[in-house]
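Let me begin by presenting the structure, written as structure tokens, before commenting on it.
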Amino acid sequence: MYARLLRNVGASARCFATEATPKVRPINKILISNRGEIACRVIRTARKLGVRTVAVFSDPDEKSLHTQLADEAYRVGEAASSASYLRGEHILNIAKKSGAQAIHPGYGFLSESVEFAELCQKEGVIFMGPPSSAIRDMGIKSTSKAIMAAAGVPIINGYHGEGQSDECLQREAQIIGFPLMIKAVRGGGGKGMRIAEKPEDFLTALNSARTESQKSFGDSSVLLERYVRSPRHVEVQVFADQYGDAVYLWERDCSVQRRHQKIIEEAPAPGLSEELRRELGEAAVRAAKAVGYVGAGTVEFILDKEDLSFHFMEMNTRLQVEHPISEMITGTDLVEWQIRIAAGEPLPLKQSEITRRGHAFEARIYAENPRGGFLPGAGPLRYLSTPQPSADVRVETGVREGDEVSVHYDPMIAKLVVWGENRSQALNSLIARLGEYHISGLDTNINFLIDLASHPEFQLANVHTGFIDQHFDTLFPPIVISPQQVGQAALALVFNELQSAFSNSNGGSQDPFATTPNLRLNYALIRTYNLKANDKVYSVAVKFDGEDVQVQVDNGDWQVIKAERVQDGERLKIRANIDSNITTYNANIDGVNVVLFLESGKLDFELVQPKFLSAQVDQLGGGSSRVVAPMPGVLEKVLVKPGDQVKKGDSLAVLIAMKMEHILKAPKDAIIKSIGGAEGDNVAKGAAVITFVDEEASK
């Protein structure tokens, strides 16, 4: 097989080199076969170039931002990706119907589909990506590694063969040694990837990787590689045109990851010499030319953090999620490059003309619970306030306040991108802007991102793929709620109550919060609240005395606070002087939920009555009488039935959420009483999936 691949590489390169001069085809209308922030990103550049855009949408996306921004929008199907955004033939028909000359696939969905790229070529519609042959060669990891070796690009040892039986893979695993990485041969994004630490873990990890790969890419084939502990993940942005020219736009460091998925990226990669940067860039260009590449691509490398040697990992044959940081340090618009190259124009810049300036970070803001194992979430964005965009700050998003983060798609809410003259300046900007990103209604990773970016080792650029595991205890310290923070929550309730009272008494037309910049509390009023945070309930008394507010937490000493509401549109913003420390913070009151946005991040309180606490704990699955869904998702498999006896740690059911597979396991030895749904059912977060027989009743 290897010899055949080498012959094919040579043939591909010869054909590419002797290809006739490409025909320039002006593009004035593009269909974007994607959704969310990347669709919005493409629309903005297309509009700048005077190119009209066509959006496609699934049923839940009908009123989404990308459909509102596009010049036209067409329904493509139901919620599930397989019934909507993966319907290549239907999407191509929409492109022809709308008069679009080209299709931009974004990333994910059809962006790395060989079949879709070939179908576009057959129907005379420009696919704004590489040739289908390049997608095929680079999309199958075993094939790509053979091609890279032939092109002189360093590769890592492993098994990349066609034999896929359990016996064959187990035999190869023993040869490679443990720990080892099991990876889907197609796709990326951390899907279909598992680590087997020891031989007895291998089959379980293999089956899980196969299942996830089949669902994500329609192919369960895997490869095996020696697992390099805690390497750095460094990737190079490349671009190639239809005339055989290719360039690199420097590198990005994407080492800090969770669940094998990137969470924060920076460019350029810190701590590399100029010579090493050139070596990485030149190796990436050789990789692109080896497959006759055209358009935007990313060549990913494993970089040993000790000796800085690097090995080819894979090539993503599309625009990457993190492309904005490359744009920020090079002053380019890579989507504009995509459009121009797809139209047959040459590369806009030569390698010598691509300069690098400053440093940039991208933080991915997800609907997920970092303290709950980074499990993905879903739900409404009931409150959303973002940093102010500028030349040095970008907010790449496809959602607005009130929109829903759907269980059917990736849980990314936005990308926050910042630039600075150097790494330290850019990092300070990132932390400050994350503090200005306010979301309530669902869990997000913003607090975690603030803690990560503020971590002393991250500040020193001591990054690697095991960073979160290594520093887990310091990244997830115990949550401590101070009396001052409880008092701030009580103040938010008071100001919210005053706002409602004034609005109601004035018919909503003479709200003093809207007509005056500040409101002082200047009459007597007493309120008591029970506020729950971090599984503890605080009793708070609030008393007014002239301009001062007195707050008492859990029958402690009374604190005297001077407070006022600061004009910020309809947002609740409070300035408070507590113990001679003046702080300004935002808050949001939504029913019983009280959310503070402080310098350290978001802090959630719940307005509760003590008598409801025990029932609430039981509903969440207290006492191990049931196994609940840790996130909303689809019940993919039920592995037990009523009456079965299970042991602690046994697999009970498989939940699919955001294309990721999550196995629900027994927390104890028990007998199954009932199943809370059928295979294929949607289940809500906290819903009982498996209920056990009551131990006392069974005696």
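The values are calculated or read from the model by the stated rules, or taken from the named source; none is laboratory data. Here the structure is a predicted model, which is why all the values come from computation and not from measurement. When we count neighbours, we look across all protein chains shown, and the Cβ atoms used for this are built from the backbone with ideal geometry, even at glycine. Note: accessible area is taken over every heavy atom of the protein model, side chains too, but ligands, DNA and RNA are not part of it. Shrake-Rupley method; radii C 1.70, N 1.55, O 1.52, S 1.80 Å.
Worth a mention:
- Helix 166-176 and the long axis of the chain differ in direction by around 90°, with both axes built from C-alpha atoms.
- Computed with a 1.4 Å probe on the full set of protein chains, the accessible area for residue 408 sits at about 60 Å².
- Its residues counted as N, the stretch 300-391 yields a C-alpha radius of gyration over 2.2 N^0.38 Å of 1.49.
- Length gained on full extension, residue 459 to residue 571, computed as 0.36 nm times the residue gap minus the Cα-Cα distance: 37.0 nm.
- Annotation: amide H-H contacts under 5 Å for residue 413 (H modelled 1.01 Å from N, sequence separation of 5 or more, or interchain): 365, 366, 367.
- For the stretch 121-166, the ratio of Cα radius of gyration to the globular rule of thumb 2.2 N^0.38 Å stands at 1.51.
- Heavy-atom surface analysis with a 1.4 Å probe gives the stretch 344-458 a carbon and sulfur content of 47 percent of its accessible area.
- Shape box of the stretch 362-442 [Cα atoms, principal axes, largest first, Å]: 39, 26, 19
- Computed over the stretch 72-124: relative contact order in percent, which uses C-alpha pairs under 8 Å that are six or more apart: 29
- Along the chain, the exposed loop sites are GluC sites (Glu not before Pro) outside DSSP states H, G, I, E and B with at most 16 other Cβ atoms within 10 Å, and the longest stretch free of them is 437-546.
- Residues in the stretch 436-447 carry Karplus couplings, in order, of 9, 9, 10, 9, 9, x, 7, 6, 9, 9, 4, 4 Hz; the curve used is 6.51 cos²θ - 1.76 cosθ + 1.60 with θ = phi - 60°, and Gly or Pro positions show x.
- Taking Cα atoms only, the orientation of helix 88-98 departs from the longest principal axis of the chain by about 90 degrees.
- Residue (of 106, 74, 85) at the positive-pole extreme of the stretch 72-113, dipole from beta-carbon charges: 74
- Over the chain, DSSP H runs of length four or greater, each weighted -39,500 (n - 2.57), average out per residue to a 222 nm ellipticity of -8500 deg cm²/dmol.
- Counting every pair of alpha carbons in the chain, the share spaced more than 33 Å apart comes to 55 percent.
- Net lengthening on full extension, residue 693/residue 592 (0.36 nm per residue, minus Cα-Cα): 33.0 nm
- Charge dipole (the chain, unit charges on Cβ, about Cα centre) - positive-most of 426, 195, 125: 125
- Cα-based radius of gyration of the stretch 64-211 once divided by 2.2 N^0.38 Å, which approximates compact folds: 1.32
- All aspartates and glutamates inside 13 Å of residue 415 as judged from Cα atoms, apart from same-chain residues fewer than 8 positions distant: 37, 265, 266, 322, 362, 396
- Relative contact order computed over the chain (Cα-Cα under 8 Å; 6+ residues apart), in percent: 9
- Overall form of the stretch 73-130 per C-alpha gyration tensor (a/c, 1.5; a/b vs b/c): oblate
- A simple spin-label model places pseudo-atoms 7 Å from Cα toward Cβ; at residue 681 and residue 121 they are separated by 4.7 nm.
- Acute angle (nearest 10 degrees) that the helix 483-505 long axis makes with the longest principal axis of the chain, alpha-carbon atoms: 80
- The simple Förster model, with R0 at 41 Å and r as the Cβ-Cβ distance, assigns residue 469 and residue 530 a FRET efficiency of 0.60.
- If you wrap the tightest convex hull around every Cα atom of the stretch 187-344 and split its volume per residue, you get 125 Å³.
- In this structure residue 557 has an accessible area near 140 Å², from a 1.4 Å probe over the protein heavy atoms.
- Antiparallel bridge percentage (DSSP; both residues within the chain; nearest 5): 90
- Over 24 Å (Cα to Cα) - which of 29/122; 141/262; 48/262 fall in this group: 48/262
- Length-normalised contact order for the stretch 150-201 - Cα pairs under 8 Å, 6+ apart - percent: 27
- Under a model in which nothing but the beta-carbon of Lys, Arg (+1) and Asp, Glu (-1) is charged, the chain shows a dipole of about 1240 debye around its Cα centre.
- Spin-label model distance (nm) - residue 59 vs residue 580, 7 Å beyond Cα toward Cβ: 6.3
- Accessible surface of the stretch 121-257, 1.4 Å probe, proportion on carbon and sulfur as whole %: 46
- Shown here: the stretch 229-311, whose C-alpha atoms stretch 39, 28, 19 Å along the first, second and third principal axes, sorted largest to smallest.
- Remark on residue 636: its backbone amide H falls under 5 Å from those of 654, 655, 656, 680, a criterion applied only to residues 5 or more positions apart or on other chains, H modelled at 1.01 Å from N.
- The mean accessible area for residues of the chain, using a 1.4 Å probe and ignoring ligands and nucleic acids, is 43 Å² per residue.
- Counting every C-alpha pair in the stretch 18-68, the share spaced more than 12 angstrom apart comes to 65%.
- Pairs from 543/573; 289/350; 96/289; 183/665 whose Cα-Cα separation, in the structure shown, is over 22 Å: 96/289; 183/665
- For the stretch 295-453, alpha-carbon Rg and Dmax in angstrom: 17.6, 49
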